[in-house]
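Values quoted throughout were computed directly from the atomic coordinates according to the rules given, and no laboratory measurement underlies them. This is a predicted model, so every value here is computed, not measured. Counting neighbours? That spans all protein chains shown, and the Cβs are built from the backbone with ideal geometry, glycine included.
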Amino acid sequence: MKCRATKLGFTLIELLITISLIVVLVSILTIALGAARTAAQVAETQSRLSALKQATVRFKEDVGYYPAVLDTNRNLATLPAFPSPTSGTPQQMYRYQAQDWYSITSPAEYLIGYGNQAQDGYGRIPGSQPNDPDYIEMPRFGFRHPGMDGVWRATDVFAGAGAGSVIDRSPSTRGMLFGPYLEVENEQMFGRIMHDTNGEPLRDPVTRNIKVFYPGDPELAALTIAEQQALPMVIVDTWGNPIRYYRAMYPNPADPTLPLSGIARTFPQSNSYDRPTLSDYFVLRPSEFESNKALDGTLPDFREGLGQANGDRSTTFELQAGQFAFFSAGPDQQMNAFIRSDAFGLPDNDGEYATDESNKDNLVEVGP
């Protein structure tokens, strides 16, 4: 009796079904891995923000005040001009200008203290030789007391300065050594920023975020060691973007002839404005609120348009009472400084002001 041969193998339909199942499983796995990676990045950034908060509290305990707000060139940032009551819309002007008063250079400047001896009183001066007195000042992280103005006498009119810039600093090279207050985890925790010919920080052409350069990047390799060390240092989140430092604002003093001050202001006597709080920075306000945790802030955001006096005032007790905050734009690396949260169809919520819920994943740590 002849045995009938059994045909082995898969039919075309079976192969297609198998391949489809594999594609679905790989897609699910990819999404799960992506979500896990994002969650890990969020946790690491949140931990870094928390460490920055603790470091800032220790800074104040030692120095007596919170770090000054510096611009991207490490100079004392110019405060938004307090609007004149006759300017037409003084409150709208004030709340608009206030959104840009934050720093990306202050955290590394004060919490790590990477400046050389001429900038913060401790460390080698560029060009120092082995037989020079400052050559033994290594590691160079740390600084001497920033002084009464918070910027090493860079605003001291009696010292012949007053602009608040790096070149005007006159730090003491003696006395107690402060910091560093922040443990440097790895070389990817901080980097340098560079400026164009107009003095503006270089930005990524796609995301428009400020570009950060790290050791080994060709842009840095083309510079001398002294030139590299002169570049402003920033502390970054896990997506490589500079972490922002916000501080409760002190507007210009009522007397415009008074010199700049890095640490203190006298709020002008006015019946039109309350004392500023962290709630005035709309990007710090949460996208959603827990039950019974929301209250009205002083200034409305621009939810109804940049030219409108009305807007969303929703904020938190934490921001109302907080003295400083650290901020990351989160996984999407995008934020909108003019509204608290996105809502479809808002006036002026298009073009460069559109958010598509980009503020929803913002990470904020409020101190103390």
Likely footprinting exposure, Tyr245, Tyr181, Tyr96, fewest C-beta neighbours within 10 Å first
Tyr96, Tyr181, Tyr245
Derived scalar couplings ³J(HN,Hα) [region 320-333; Karplus, 6.51 cos²θ - 1.76 cosθ + 1.60; whole Hz; x for Gly, Pro]:
5, 9, x, 9, 7, 8, 10, 9, 10, 6, x, x, 7, 6
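Could you compute the FRET efficiency for Asp100 and Arg208, with r as their C-beta to C-beta distance and R0 at 22 Å, rounded to 0.05?
So the FRET efficiency works out to roughly 0.90.
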Rank the residues Thr173, Thr315, Thr45, Thr277 as a footprinting-exposure proxy: fewest other Cβ atoms within 10 Å of their Cβ go first.
Thr173, Thr277, Thr45, Thr315
Give the order of Ile104, Ile17 when sorted by the count of other beta carbons within 10 angstrom, beginning with the fewest.
Ile17, Ile104
Net length gained if the chain between Met138 and Arg58 were fully extended (0.36 nm per residue, minus Cα distance)
26.6 nm
Cβ under 11 Å from Val234's Cβ, Val234 left aside: what net charge do those residues give with Lys, Arg +1 and Asp, Glu -1?
+2
³J(HN,Hα), Karplus 6.51/-1.76/1.60, whole Hz, each residue of region 101-116, x for Gly, Pro:
8, 8, 9, 10, 9, 4, x, 6, 4, 9, 8, 10, x, 8, x, 7
Under Karplus coefficients 6.51, -1.76 and 1.60, residue-wise ³J(HN,Hα) of region 207-216 in Hz, glycine/proline x
8, 6, 7, 5, 7, 10, 10, 10, x, x
Dipole check, region 149-245, charges on Cβ (K,R +1; D,E -1), about Cα centroid: among Gly199, Pro171, Phe158 the Cα furthest to the positive pole belongs to Phe158
